[in-house]
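Engineer: Below you'll find the structure I mean.
The values are calculated or read from the model by the stated rules, or taken from the named source; none is laboratory data. A quick note: this is a predicted structure, and the numbers were derived from the prediction, not measured. For neighbour counting, all protein chains shown are included, and Cβ atoms are generated from backbone atoms with ideal geometry for every residue, glycine included.
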Amino acid sequence: MEFSFLYAIPRTAALDSFFLAVTNIAGSYGQLWLIVAAVLLIFKSTRKAGAAVLLAYAAVFLMGQYGLKNLISRPRPCQIDLDFALLVSRPSSSSFPSTHSAWAFGAATAIFMQHKKPGVAAFIAAALIAFSRMYLFLHFPTDVLAGIALGTALGLLANWIAGRIWKTADKSSKAVPGTAEKK
């Protein structure tokens, strides 16, 4: 059934170019989100969101890329159907979960929890990245759905952790004489 879904996706030269660009922008290990985190960390108003994106990225890397992929070892669609013409090199890693989807949704969730409008834009980018993984015949739909669920959960957790860190840091700065904000 999952193959039926993948084969039913309409493919054209224009869509090939578009989804190839989407996956290239995301990076082979979701580096786009590291860049986003770095930019968010620069500005005081977005620093907590940047920290949450970074935490979510690291959690996906550990739990998804090195944990679940190795534990489950599900072959990718392109490793089963070798006749499907790929637009990218055939990966050797396992399919489940889609860590591209997890990185994207982890970052989007972390951003959304702090800044709604940019978070919506991040979710749109995340959805395009997640769909690109199926379009390019690199992941099954359940790989992508699992990646979305994992990323969203880790994005929420990362946001909670970042909030705790900020609350602790804020209490610490107020406890030290001369460091509290003047009103």
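Engineer: Among the hydroxyl-bearing types (Ser, Thr, Tyr), more than 15 Å from VAL36 (Cα to Cα) and buried (at least 22 other Cβ atoms within 10 Å of the Cβ): does that describe SER101?
Structural biologist: yes
Engineer: Select from the stretch 24-44 the residues that are of a type in the set (Gly, Ala, Ser), at pLDDT below 95 and surrounded by fewer than 21 Cβ atoms within 10 Å (Cβ to Cβ) and list them in ascending order.
Structural biologist: First pass over the stretch 24-44, keeping only residues of a type in the set (Gly, Ala, Ser): 26-28, 30, 37-38.
Checking the rest, the ones that are also at pLDDT below 95 come to 26-28, 30.
Matches in the stretch 24-44: GLY27, SER28.
Engineer: Count, please, the residues in the stretch 83-122 that happen to be in contact with a Cys (Cβ under 6 Å, 6 or more places away or on another chain) and either free of Cβ contacts under 8 Å to residues at least 40 places away in the same chain or of a type in the set (Ser, Thr, Tyr) (or both).
Structural biologist: Looking only at that region, the number is 1.
Engineer: Against the conditions (1) touching a helix residue (DSSP H, G or I) at 6+ places or on another chain (Cβ under 7 Å); (2) not in a loop (DSSP other than H, G, I, E, B), where does ALA58 fall short? Just the number, please.
Structural biologist: Among (1) touching a helix residue (DSSP H, G or I) at 6+ places or on another chain (Cβ under 7 Å); (2) not in a loop (DSSP other than H, G, I, E, B), ALA58 violates only (1).
Engineer: Looking at ALA52, is it outside any loop (DSSP other than H, G, I, E, B), within 26 Å of LEU156 (Cβ to Cβ) and of a type outside the set (Val, Ile, Thr)? Even if it seems obvious, please write down each step before you answer.
Structural biologist: Values: outside any loop (DSSP other than H, G, I, E, B): yes; within 26 Å of LEU156 (Cβ to Cβ): yes; of a type outside the set (Val, Ile, Thr): yes.
For ALA52, the condition - outside any loop (DSSP other than H, G, I, E, B), within 26 Å of LEU156 (Cβ to Cβ) and of a type outside the set (Val, Ile, Thr) - is met.
Engineer: Being under 22 Å from ALA13 (Cα atoms) and more than 15 Å from the chain's Cα centre (by Cα) narrows it down to one of SER89, SER73, SER94, SER132, so name that one. Show your work before the answer.
Structural biologist: Numbers: SER73 fails: under 22 Å from ALA13 (Cα atoms); SER94 fails: under 22 Å from ALA13 (Cα atoms); SER132 fails: more than 15 Å from the chain's Cα centre (by Cα).
Exactly one of SER89, SER73, SER94, SER132 is under 22 Å from ALA13 (Cα atoms) and more than 15 Å from the chain's Cα centre (by Cα), namely SER89.
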